[in-house]
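Engineer: Dropping a structure here in structure tokens format, bear with me for questions.
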Amino acid sequence: MAALVGNLGQYALSYAAGGPPIKIGVLHSLSGTMAISEVSLRDVVLMAVEEINKAGGVMGRPVEAKVVDPASNWDLFAEKAKQLLLEDKVSVVFGCWTSVSRKSVLPVFEKNNGLLFYPVQYEGEECSRNVFYTGAAVNQQAAPAVEYLMSPEGGGYKKFYLLGTDYVYPRTTNKILRAMLLAKGVPAANIGEEYTPFHHQDYQTICGTIKKFAAGGGAAVISTINGDSNVPFYKEFGNQGLRAEDAPIMAFSVAEDELRGMDTSALVGHLAAWNYYQSVDTPQNKKFVANFKAYCKKNNLPDGENRVTDDPIEAAYFGVYVWKQAVEKAGSIEVDKVRKAVYGQKFLAPGGQIMMDEANQHTHKPVLIGEILKNGQFKTIWRSKGLVKPEPWSEYTNPEKGCDWINHQGTYQKK
């Protein structure tokens, strides 16, 4: 009771000093097929809020998080976004995972001039003034991953099976990758492509097809499978005797958090491309990992101190701090002022320093390729030299387009 009274007293003091709480929205699926990935993003955003409040809040005001559950239902994402902006009157929203959920809420944010920080890698071909993208564009994950596989260092693979969940991110990413492979001289006959619905569970036929595709050697699987379908896919892949040395899987949506719920014995040696791993060896990352485990244990969250961090978790976390820095630079929580203040912001994230682009609302990040270890962690086997500038429009499918909110009005035609 004494501790509670003390906390209330501190809250009252900050309220009096800086004004009422600043409301933020948290828009992540806490149930349904995407909960396997999104619950941890809610958790880390709330951890960042707690840290910020302990350090004095934002402009002396406490931050109050409004959490909603769109339940992996794309229409419900739009309804919940509208609730956060119009009823709860939040200043910013941190949320979404799949591109279909982001596309669902986009009209809501643009119509009501809301601000969304989106923390997951995506397919590009978007340039909204109401979204800051803290995850990777295709040129910061998918393209360098396939280029690595084609290189002598990465195995010199010549055949690629593109397997994804049937929605906008996998289809658009694979459209870009197919164009890139063809441009680099890979014959169309050496490119397979297939999609499955969300929550698909039976991968027996598909893995049989991949086995035939890879029979002659020199083949790799590019996986854009999202959500809980990854569990039966990897299991069936192993059941059919396929191993990383036969046909490595390069995944773009499987990270440490997904591996928590999987038998990793059959996954050893398979690959993933991200911009951060829990195993990144920096002082700030060791502190971040320890703090997240401690936060989960203290709040009695499932798996407690056994929880892991991963790329979207890190991107969700530093997104909150980038917003905080921008608000304090702008001296305001008004969306238009905050937006301008985000441009060029730098932050020492757990995985190293990142930078918000000065015009296109995306994030400059390193690119890492990791190999899955038996303990569900990743060993980094390749890293880009420095930060990679984000390119929302791919040079392979839309070389004439650019994204710039300073010198242009978003998407523009290059000369």
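Engineer: So, of the residues in the stretch 175-189 that are part of a helix (DSSP H, G or I) and without any contact (Cβ under 8 Å) to a residue 40 or more places away in the chain, which turns out to be surrounded by the most Cβ atoms within 10 Å (Cβ to Cβ)?
Structural biologist: Step one: list which residues in the stretch 175-189 are part of a helix (DSSP H, G or I), which gives 175-183, 188-189.
Checking which are without any contact (Cβ under 8 Å) to a residue 40 or more places away in the chain leaves us with 178, 181-182, 188-189.
Values: Arg178: 18, Leu181: 24, Leu182: 14, Ala188: 8, Ala189: 7.
Out of the qualifying residues, it is Leu181.
Each row is one residue, and each column tells you yes or no for (1) without any contact (Cβ under 8 Å) to a residue 60 or more places away in the chain; (2) closer than 17 Å to Val120 by Cβ; (3) not hydroxyl-bearing (Ser, Thr, Tyr).
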residue	(1), (2), (3)
Tyr321	no, no, no
Lys324	no, no, yes
Lys329	yes, no, yes
Ser332	yes, no, no
Lys337	yes, no, yes
Phe347	yes, no, yes
Gly352	no, no, yes
Met355	yes, no, yes
His362	no, yes, yes
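Engineer: Another one. Tell me, please, whether a residue that is farther than 13 Å from Asp310 by Cβ, of a type in the set (D, E, K, R) and over 22 Å from the mean Cα position of the chain (by Cα) can be found in the stretch 281-292.
Structural biologist: Within the stretch 281-292, not a single residue is farther than 13 Å from Asp310 by Cβ, of a type in the set (D, E, K, R) and over 22 Å from the mean Cα position of the chain (by Cα).
Engineer: Also, quick follow-up: Does Gly241 satisfy the criteria of being modelled with pLDDT under 95 and surrounded by fewer than 17 Cβ atoms within 10 Å (Cβ to Cβ)?
Structural biologist: When the stated conditions are applied, Gly241 passes them.
Engineer: OK, next. Considering the stretch 279-305 alone, what residues qualify as being within 21 Å of Gln140 (Cα to Cα) and open to solvent by 30 Å² or more (accessible area, probe 1.4 Å)?
Structural biologist: Ser279, Asp281
Engineer: Checking the conditions here, which among Gly192, Gly261 is open to solvent by less than 30 Å² (accessible area, probe 1.4 Å) and of a type outside the set (Ser, Thr, Tyr)?
Structural biologist: Among Gly192, Gly261, only Gly192 is open to solvent by less than 30 Å² (accessible area, probe 1.4 Å) and of a type outside the set (Ser, Thr, Tyr).
Engineer: Here is a check on your reading of the model: is Glu236 assigned to a helix (DSSP H, G or I) and open to solvent by 10 Å² or more (accessible area, probe 1.4 Å)? Working first, answer last.
Structural biologist: Values: assigned to a helix (DSSP H, G or I): yes; open to solvent by 10 Å² or more (accessible area, probe 1.4 Å): yes.
It is true that Glu236 is assigned to a helix (DSSP H, G or I) and open to solvent by 10 Å² or more (accessible area, probe 1.4 Å).
Engineer: Can I ask one more? Does Asn130 satisfy the criteria of being at pLDDT 95 or above, open to solvent by less than 30 Å² (accessible area, probe 1.4 Å), farther than 30 Å from Phe347 by Cα and over 17 Å from the mean Cα position of the chain (by Cα)? Steps first, answer last, please.
Structural biologist: Numbers: at pLDDT 95 or above: yes; open to solvent by less than 30 Å² (accessible area, probe 1.4 Å): yes; farther than 30 Å from Phe347 by Cα: no; over 17 Å from the mean Cα position of the chain (by Cα): yes.
So Asn130 does not fit the description; no.
Engineer: Suppose we keep only residues that are assigned to a helix (DSSP H, G or I) and open to solvent by less than 10 Å² (accessible area, probe 1.4 Å) within the stretch 76-120. Which one would you say is modelled with the lowest pLDDT?
Structural biologist: Per the criteria, the residue is Ser99.
Engineer: Filter the stretch 218-231 down to the residues that are farther than 18 Å from Glu123 by Cβ and at pLDDT 95 or above, then identify the one that is surrounded by the fewest Cβ atoms within 10 Å (Cβ to Cβ).
Structural biologist: The selected residue is Gly218.
Engineer: Is it the case that the stretch 27-41 has a residue that's in contact (Cβ under 8 Å) with a residue 24 or more places away in the chain, closer than 19 Å to Tyr133 by Cβ, open to solvent by 30 Å² or more (accessible area, probe 1.4 Å) and of a type outside the set (Phe, Trp, Tyr)?
Structural biologist: No: zero hits.
The values are calculated or read from the model by the stated rules, or taken from the named source; none is laboratory data. A quick note: this is a predicted structure, and the numbers were derived from the prediction, not measured. Cβ: placed from backbone, ideal geometry, glycine included. Neighbour counts: every protein chain shown. The protein model used for the area step is the full one, side chains on, heavy atoms only, and it has no ligands, DNA or RNA in it. Shrake-Rupley method; radii C 1.70, N 1.55, O 1.52, S 1.80 Å.
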